[in-house]
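Reading through the structure tokens given below for one structure.
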Amino acid sequence: MSADNLSINLATVRAQWTLPQAVEACARMGIRAVDPWRDQVAACGLDTAMRAIRDADLAVTGYCRGGTFTAPDAAGRQAAIDDNKRAIDEAAALGAECLVLVVGGLPQSSRDIGAARAMVRDGLAALLPYAREAKIPLAIEPLHPMYAGDRACVNTLAQALDLCDQLGDGAGVAIDTYHVWWDPELETQIARAGRDKRILAYHICDWLIPTRDLLLDRGMPGDGVIDLARIGAWIAAAGYGAFTEIEIFSRLDWWTRPGEEVLSTCIERFEAI
Ligand code: ZN
């Protein structure tokens, strides 16, 4: 694997740098693509973010993130759709390949995960025409089931692909090893995603043992138990040849180190896979 195909999800260095600083550092270190977050763009302003990315001549492999389609009432669900439309506009302005979606967990005081999943489907269907018009594909990211309650009630690649089947053109998946590595159906579902041309993004990081924080203790590739070479081979066999994105949230480790050290380790580990 060559570092030419490496993208850095800018959450990986969010503690060290602003968006313009992170973009400049990535370009200086030979990285050719990034995936910025909405709060990072909001912090510097959309125009500044656009200019920084354009000046550094970087591809934008995704925009993190939209979603959160679940809400206790119709007004809340409509507000989510409106906010997702703004995220699509920003993604288009930044030249992003897709909008990454974390679809939302259970609405407040609900125990009905089936209803939450129906809200996600309805929200996606309502948003899709706008996304198609803007030519920003919607990348549904299935999250590990430990987040089903509070972040995303779409938890397997099969479930995300079933949604894509219902939605049609303009919907696809972001496959993140942290969330799906454990799935006994992973190989067959990656092949299915490739066949259906649904793979919009591929995110990697590692699963640490022990994991000390369920949200913010993701491992650098190579430090945990995920067979990234094997999964990467399935992704390649499925026909996905675009960028692989390293995405690490690491409050206790990588966010405490100098940004250059984080990026050079990302490059090293990526080349080693
Ligand atoms: Zn991800």
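The values are calculated or read from the model by the stated rules, or taken from the named source; none is laboratory data. Bear in mind the structure is a predicted one, so any value in this text is a computation, not a measurement. With ideal geometry, Cβ positions are generated from the backbone for all residues, glycine too; neighbour counts draw on all protein chains shown. Quick note on the areas: whole protein, heavy atoms, side chains included, nothing else; ligands and nucleic acids left out. Shrake-Rupley method; radii C 1.70, N 1.55, O 1.52, S 1.80 Å.
Things worth noting here:
- Cut-off under 5 Å, modelled amide H: who pairs with Ile248 long-range: Thr12
- Here the simple spin-label model places points 7 Å from the Cα toward Cβ, and for Asp55 and Ser109 these points are separated by 5.1 nm.
- Segment Ala15..Asp47, full-extension length gain: 9.3 nm, with 0.36 nm per residue of separation and the alpha-carbon distance subtracted.
- The heavy atoms of Ile209 present about 130 square angstrom of accessible area, all protein chains included, probe 1.4 Å.
- Subtracting the Cα-Cα distance of Glu261 and Arg195 from 0.36 nm times their residue separation leaves 20.0 nm of extension gain.
- Coupling constants for the stretch 96-109 follow from the phi torsions by the Karplus curve (6.51 cos²θ - 1.76 cosθ + 1.60, θ = phi - 60°), and in residue order they are 6, 6, 6, 9, 7, 10, 9, 6, x, x, 6, x, 3, 6 Hz; glycine and proline get x.
- Residue by residue, the stretch 41-53 carries 3J(HN,Hα) couplings of 5, 4, 5, 9, x, 4, 4, 5, 5, 4, 5, 4, 6 Hz when phi is fed to the Karplus relation 6.51 cos²θ - 1.76 cosθ + 1.60 (θ = phi - 60°); x denotes Gly or Pro.
- Of the residues His179, His144, ranked by 1.4 Å probe accessible area with the largest first, the sequence reads His144, His179.
- Taking label points 7 Å from Cα along the Cα-to-Cβ direction, Gln159 and Asp82 give a separation of 2.9 nm.
- Asp150 versus Ala229: modelled label distance in nm, points set 7 Å from Cα along the beta carbon direction: 3.6
- Sites matching chymotrypsin sites (Phe, Trp or Tyr not before Pro) across the stretch 170-273 that sit in DSSP coil, with at most 15 neighbouring C-beta atoms within 10 Å: Trp182
- Compactness index (Cα Rg / 2.2 N^0.38 Å), the stretch 3-272: 0.94
- Note that the stretch 3-272 presents 41 Å² accessible area per residue, ligands and nucleic acids not counted, probe 1.4 Å.
- For the chain, the share of accessible area belonging to carbon and sulfur comes to 50 percent (1.4 Å probe, ligands and nucleic acids excluded).
- Percent of Cα-Cα distances greater than 19 Å, calculated over the stretch 166-246: 36
- Long-range HN-HN contacts of Ala171 with modeled amide H, under 5 Å: Leu138
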